[in-house]
Amino acid sequence: MTASPAALQFDGITPLGKVASVDTSRVVVDVSDSVLLTRIGVGNLMAIRGATEAEFLIAIVERVTRSMQEELQEPEHGELDDALQYAEAPRDLVRAAMIGTFRTVDGEKRNTFKRGADSFPQIDRDCFIIVGPNLQRFMGTLGSEYAEAERLKLGVFVADRTAEAVASGDRFFQRHAAILGSTGSGKSWTVALILERAAKLKYPNILVFDMHGEYAPLADKAKNGFADRLRIAGPGDLENPGDDVLFLPYWLLNRDEMLSMILDRSDQNAPNQASRFTLHVKSLKEKTLIASGKSDVASTFTVDSPVPYALTELIDLLKKDNTTKGVGAKGQDVKGEWEGLLSRFISRLETKIADRRYGFLFKPTSDSNTYDWLASQLIRLLGSNGGKGIKVIDFSEVPSDVLPVVTGTLARLLYDVQFWMDSEKRTPVTLLCDEAHLYLPVREDADAVQKQALASFERIAKEGRKYGFSLLVVSQRPSDVSKTILSQCNNFLSLRLTNEADQNVIKKLMPDALSGLTSILPLLDTGEALMLGDAIILPSRIKLDVPAIAPDSATRDFWKDWGNQASDDEAIAKAVEALRSQTKAR
């Protein structure tokens, strides 16, 4: 068998220059060919001769400078030595960050690349720009080491658009990842592309938290959709819910989640209210377990266990506490121990129950209040469903004030089931958190409700890898997303980011040697991304492929629409009715 040619071949090629200085992660090259300097730019790749002929250190150009300095000029022919004088001459320098080691021959292997430098460049080593056939061959080797079953093709390299940009699908999902970019930069298309790639696997298992309903086309059978779509019940679904409607009954919430919605911590009676609520909920859950013949569960359950109970009975017990008189020393009526202390708490609870927007919580179907319902729903959510394991859950009709609790509760439930499952029976699960800044805020900025959700997601971010449970965080404002969660992400697909605060978040998450790459973030075109992390061999600027099914997130052409499309009065009138009924047209 003929050995493959070396991917990097510099025989007969003029070096860019020589190594002038080296530190632990960067190298400065004194450019000797001023013509080549004009062809090099930030982000270009450079090869530095290593310790052997077969080894090159690969670096990414961070800065290109030309400065003027005084140099002693050689006397021209015929001039006397005393005519020597100083004159200004250009000095060209290139600074680059070292990212890996390439070997044309590595034992029995040829053309291998690995992250990290085995040795540091030596002063005066030749440096070359990687362009033309060298660039094509080098980019072609990247990702070729991944097994076919591991390959996640995302697009092509911007440096060489004939070379496929391939990441490791295993590494991308197993240690959390983030897709970040300003609005209109191509995030939704990137999400659709990754879901499309995953859908081609035999048993994918990804749950998409869709905040705006924009991924509905991915479940449209008429468009060859590959996903299943569920909707959190809206006010119009309470009487006759369809098969795609999902309820999250109040009894799924643990004690703290429930209290975060209905307890006013500033109320001086808040401790008494929380105490009576906890006592009654626990007794009602025990009642359900005994009635269901679950005495074994009844002996170990806690107030946080997801066991159904009747909300009407809870209110009756609270009202009884609130109105029961005490008995004085002489048998006369006196003010009861809890009398009048629970009025505001009961009122807030009844207000929530009466609000149809919270119907998915407080007005579940009778079937949703049975003991066996939870297992059937979680099988639906966590199961592979015969190969249709990508589930889009539409949260667009969930009120914003409880969105963090609802997303956090669902994430906690899914993770807890994975946690308690026999380790040999687990299949990996990924939660794709779209618009994460809406419900995963920076902890310092979070209110009581948001902190409940954060606790669930941060626990997943810290511990999920061990249980095959990962997060894929998507946001247009990384500076507003929990730093704890982002710091646990090992891979980043960063699209165009124009806000300086958002750019700094990415910069702080990068190793020092790669932080210079973030300078190109505001310059990326729509659909271009900087791919960083251990899922891709070389940190690279890539052009993402276009998904076959586009999400419903296209940017409107305001100018063209204003020139061609009149407003629809009937649609506006229908929207007003939808606003009043809090129900979208189906």
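The values are calculated or read from the model by the stated rules, or taken from the named source; none is laboratory data. No experiment lies behind these values; they were computed from the predicted model shown. Note: ideal-geometry Cβ built from the backbone for every residue, glycine included; neighbour counts use all protein chains shown. These area figures cover heavy atoms from the full protein model, side chains too; ligands, DNA and RNA do not enter into them. Shrake-Rupley method; radii C 1.70, N 1.55, O 1.52, S 1.80 Å.
Considering segment 356-370 alone, what residues qualify as being assigned to a loop (DSSP other than H, G, I, E, B) and surrounded by fewer than 16 Cβ atoms within 10 Å (Cβ to Cβ)?
Matches in segment 356-370: 370 only.
Please pick out the residue among 138, 113 that is aromatic (Phe, Trp, Tyr), modelled with pLDDT under 90, surrounded by 23 or more Cβ atoms within 10 Å (Cβ to Cβ) and touching a Phe, Trp or Tyr at 6+ places or on another chain (Cβ under 8 Å).
138
Just the residues that are assigned to a helix (DSSP H, G or I), surrounded by fewer than 22 Cβ atoms within 10 Å (Cβ to Cβ) and within 18 Å of the chain's Cα centre (by Cα), please, taken from segment 439-453.
Once the filter is applied, which keeps residues that are assigned to a helix (DSSP H, G or I), surrounded by fewer than 22 Cβ atoms within 10 Å (Cβ to Cβ) and within 18 Å of the chain's Cα centre (by Cα), segment 439-453 yields only 443.
Which of the numbered conditions does residue 190 fail, given that it passes all the others? Conditions: (1) surrounded by fewer than 21 Cβ atoms within 10 Å (Cβ to Cβ); (2) at pLDDT 90 or above; (3) of a type in the set (Ser, Thr, Tyr).
Result: residue 190 passes all but (1).
I'd like to verify a number: residues in segment 241-263 that are closer than 25 Å to residue 455 by Cβ and open to solvent by less than 60 Å² (accessible area, probe 1.4 Å), how many?
16
Go through 424, 463 for me and flag whichever is part of a helix (DSSP H, G or I), free of Cβ contacts under 8 Å to residues at least 60 places away in the same chain, in contact with a Phe, Trp or Tyr (Cβ under 9 Å, 6 or more places away or on another chain) and open to solvent by 40 Å² or more (accessible area, probe 1.4 Å).
Only one candidate passes the filter, namely 463.
Of the residues 116, 107, 132, only one is closer than 22 Å to residue 535 by Cα and of a type outside the set (A, V, I, L, M, F, W, C); which?
116 is the lone residue from the list that is closer than 22 Å to residue 535 by Cα and of a type outside the set (A, V, I, L, M, F, W, C).
Scan segment 95-146 for residues that are on the phi > 0 side of the Ramachandran plot and not in a strand (DSSP E or B) and jot them down.
107, 116, 124, 132, 143
Answer yes or no: is there a residue in segment 448-458 that is at pLDDT 90 or above and acidic (Asp, Glu).
Yes, there is a match, as at least one residue in segment 448-458 is at pLDDT 90 or above and acidic (Asp, Glu).
Yes or no, residue by residue, for (1) part of a helix (DSSP H, G or I); (2) farther than 18 Å from residue 248 by Cβ; (3) in contact (Cβ under 8 Å) with a residue 40 or more places away in the chain:
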| residue | (1), (2), (3) |
| --- | --- |
| 283 | yes, yes, no |
| 300 | no, yes, no |
| 320 | yes, yes, no |
| 336 | no, yes, no |
| 346 | yes, yes, no |
| 349 | yes, no, yes |
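Suppose we keep only residues that are under 32 Å from the mean Cα position of the chain (by Cα) and exposed (fewer than 15 other Cβ atoms within 10 Å of the Cβ) within segment 553-577. Which one would you say is modelled with the highest pLDDT?
558
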